[in-house]
Amino acid sequence: MNANLFDILESGIADPEATAIETAAGERISYGDLAGRTGRMANALVSLGVRPGDRVAAQVEKSVEAIILYLATVRAGAVFLPLNTGYTPAEIDYFIGDATPAVFVCDPAKADALKDAANQAGAQVVTLDAGGQGSLTDAAADAPADFATVPRDKDDLAALLYTSGTTGRSKGAMLTHGNLVSNTTALREAWHYTPDDVLIHALPIFHTHGLFVATNVTLFSGASMIFLPKFDPERIIGLMDRATVLMGVPTFYVRLLGDDRLNRDTTAHMRLFISGSAPLLAETHREWQARTGHAILERYGMTETNMNASNPYEGDRIAGTVGMPLPGTEIVVTDPETGAELPRGEIGMIEVRGPNVFKGYWQMPEKTAAELRENGFFITGDLGKFDERGYLHIVGRGKDLIITGGYNVYPKEIESEIDALPGVVESAVIGLPHRDFGEGVTAVIVPAGAHAISETDVLAALEGRLAKFKQPKRVLFVDELPRNTMGKVQKNLLRDQFGDLYR
Ligand code: AMP
């Protein structure tokens, strides 16, 4: 059977008149329109020389045309490579040189700066702006709507997504048609998605969350999504009376809670609030439930594995956990030294296996071999444990683990204690180079208002609650924690900023 994800998507659509995407301006694109417009775009790509297996790289703002470009690339049997809109020309140089795409799509304003690098890598440059206009759209407008979707095997590549990689070179995760389709199928079932669902889509589409989780799950369900160019709390609350699902990063929920209009009435039509990509504070989960009556459903995934665990749709959605493995996905917690599976309750390395797990890193066989075991388990780099009810808890990235005086300290444990103190908005606990201890446990805190809490207060509160070696040596205060576009706290930036503290 043809495993091309577009064919599978299309064959599941019962009503071609149904709305697939509604733009912020109110334009409605039906599933029938989507077939025609992806057909035109696929023909345009083929005219530009794109062949099956070629990469099509895109650094473009969020627009319906950008989603059409993704689907058209996949229809043409090529490999979609979305790039963060925040990347600088120097960073783009690296990605283009590494992935050698046949076509590079960018904003017209950036085309001049990027043309040479693209041409050097053998890529043709075409343009697409935030309004969906550009030389690519022009080429598609002139092309026929009929396009025979290129048959693909489930192991053929559909997308190449570079990891955000805070250390070393960013790696291209190779995702197959089979990876994306199997994950979408598992999520649709897990979250009880139906054609009646209306998603508020406010995520960027250069990342697995907005591109695959949000878009694929919606389109494979024959449901519809309201496409917002960016996160806008007012707009989102205004749409809740006719939407059913919101997918967000934790910062969305924190910011929505800051709006007085968020309450049981404004969220009464909504069916499901989903959070992922970074840890949702248990406090945010509780506040949300108290204000709206909805328990946020937290899930866990990453570029390389797609989604792999989710809190249950029916059953307890437990704050501070990411739920159980999705059907078809195996998750084990192992000893980081030996790789041996650990008993339930013990903290170790989270490893994932299943049809959702990527094929490897693009042209990096050593990195692939180091992180993807021969038996199929991917070593995620996240540390966690299963509790007695089988819910997975993430305690942080392995590289954020602090080793102080020979003891392992998991930042999450200390952050949870600090976050519960009055006068604290949130915290990040990091290890900084220390002459005596190797690393010194250091708390970086965002206070609730200036001088709401002092270093002495924090240290006094933790005394007796945490073993001595876990207690911070110093407590620092900042106005806000550095975060990337997906809401992840960038501890590496904090480590750089305060690196000399104990030296
Ligand atoms: P990315 O590849 O950019 O999606 O980043 C994946 C990483 O985000 C994971 O390896 C985790 O460290 C983190 N992550 C994703 N979802 C969650 C979650 N629900 N709770 C905690 N960390 C998460």
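The values are calculated or read from the model by the stated rules, or taken from the named source; none is laboratory data. Not measured: the values here are computed from a predicted model. As a convention, Cβ positions derive from the backbone with ideal geometry for all residues, glycine included, and neighbour counts pool all protein chains shown.
A few points about this structure:
To keep it simple, each residue is scored yes or no on (1) more than 30 Å from THR329 (Cβ to Cβ); (2) at pLDDT 95 or above; (3) among the basic types (Lys, Arg).
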position	(1), (2), (3)
ARG397	no, no, yes
GLU413	no, no, no
ALA428	no, yes, no
GLY438	yes, no, no
VAL444	yes, yes, no
GLY449	yes, no, no
ALA452	yes, no, no
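- If you go through segment 372-413 and keep only what is over 26 Å from HIS177 (Cβ atoms), within 14 Å of the ligand (Cβ to nearest atom), touching a Leu at 6+ places or on another chain (Cβ under 7 Å) and among the aromatic types (Phe, Trp, Tyr), you end up with just TYR410.
- Residue match in segment 297-307 (condition: among the small types (Gly, Ala, Ser) and farther than 21 Å from HIS177 by Cα): no
- Residue match in segment 269-278 (condition: touching a Gly at 6+ places or on another chain (Cβ under 7 Å), polar (S, T, N, Q), touching a residue at least 24 places away in the same chain (Cβ under 8 Å) and near the ligand (Cβ under 9 Å from one of its atoms)): yes
- Any hit, segment 363-371, residues being within 15 Å of the ligand (Cβ to nearest atom), assigned to a strand (DSSP E or B) and in contact with a Lys or Arg (Cβ under 9 Å, 6 or more places away or on another chain): no
- The test for being within 22 Å of GLY53 (Cα to Cα), β-branched (Val, Ile, Thr) and under 19 Å from the mean Cα position of the chain (by Cα) does not hold for THR149.
- Evaluated against (1) away from the ligand (no atom under 16 Å from the Cβ); (2) touching an Asp or Glu at 6+ places or on another chain (Cβ under 7 Å); (3) over 30 Å from GLY258 (Cα atoms), ILE350 falls short on exactly one condition, (1).
- Residue match in segment 209-220 (condition: within 16 Å of the ligand (Cβ to nearest atom) and assigned to a loop (DSSP other than H, G, I, E, B)): no
- Residue match in segment 234-254 (condition: surrounded by 16 or more Cβ atoms within 10 Å (Cβ to Cβ) and more than 27 Å from ALA20 (Cα to Cα)): yes
- Within segment 126-148, being touching a strand residue (DSSP E or B) at 6+ places or on another chain (Cβ under 8 Å) and not hydroxyl-bearing (Ser, Thr, Tyr) holds for VAL126, LEU128, GLY134, LEU136, ALA139.
- Residues in segment 475-503 that are out of contact with any helix residue (DSSP H, G or I) (no Cβ under 6 Å at 6 or more places or on another chain) and of a type in the set (A, V, I, L, M) were compared, and the one that is nearest to the ligand (Cβ to nearest atom) is MET486.
- Flag if THR266 is away from the ligand (no atom under 12 Å from the Cβ) and not in a helix (DSSP H, G or I): yes
- Positions within segment 163-200 being under 23 Å from ALA58 (Cα atoms) and at pLDDT below 95, in sequence order: THR163, SER164, GLY165, THR166, GLY168, ARG169, SER170, LYS171
- Criterion: touching a His at 6+ places or on another chain (Cβ under 7 Å), touching a residue at least 12 places away in the same chain (Cβ under 8 Å) and under 29 Å from SER170 (Cβ atoms) - qualifying residue of GLY384, GLY398: GLY384
- The residues of segment 35-55 that are under 25 Å from the mean Cα position of the chain (by Cα) and under 13 Å from ALA140 (Cβ atoms) amount to a single one, THR38.
- Residue tally, condition among the β-branched types (Val, Ile, Thr), more than 24 Å from ALA3 (Cα to Cα) and part of a strand (DSSP E or B), over segment 346-362: 1
- Residues in segment 143-165 that are closer than 14 Å to HIS177 by Cβ, among the small types (Gly, Ala, Ser) and within 16 Å of the ligand (Cβ to nearest atom): ALA159 only.
- Hey, GLY405 over 27 Å from the mean Cα position of the chain (by Cα) and either at pLDDT below 95 or among the acidic types (Asp, Glu) (or both) or not: yes
Quick grid of which residues meet (1) of a type in the set (Lys, Arg); (2) over 19 Å from GLY398 (Cα atoms):
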| site | (1), (2) |
| --- | --- |
| ALA268 | no, yes |
| PHE273 | no, yes |
| HIS285 | no, yes |
| ARG291 | yes, yes |
| ILE296 | no, yes |
| VAL333 | no, no |
| GLY339 | no, no |
| GLY345 | no, no |
| PRO355 | no, yes |
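- As a summary of the residue check, ILE92 satisfies the conditions (1) surrounded by 17 or more Cβ atoms within 10 Å (Cβ to Cβ); (2) at pLDDT 95 or above except for the one numbered (2).
- Options ASP241, ASP196, ASP260: the member that is among the acidic types (Asp, Glu), in contact (Cβ under 8 Å) with a residue 40 or more places away in the chain, away from the ligand (no atom under 16 Å from the Cβ) and in a loop (DSSP other than H, G, I, E, B): ASP196
- Within segment 439-468, the set of residues being surrounded by 14 or more Cβ atoms within 10 Å (Cβ to Cβ) and closer than 30 Å to TYR300 by Cα comprises GLU439, GLY440, VAL441, THR442, ALA443, VAL444, ILE445, VAL446, PRO447, LEU462, LEU466.
- Selected residue (only one of ALA118, ALA123, ALA72, ALA76 is crowded, with 21+ Cβ neighbours inside 10 Å, in contact with a strand residue (DSSP E or B) (Cβ under 9 Å, 6 or more places away or on another chain) and under 20 Å from HIS207 (Cα atoms)): ALA72
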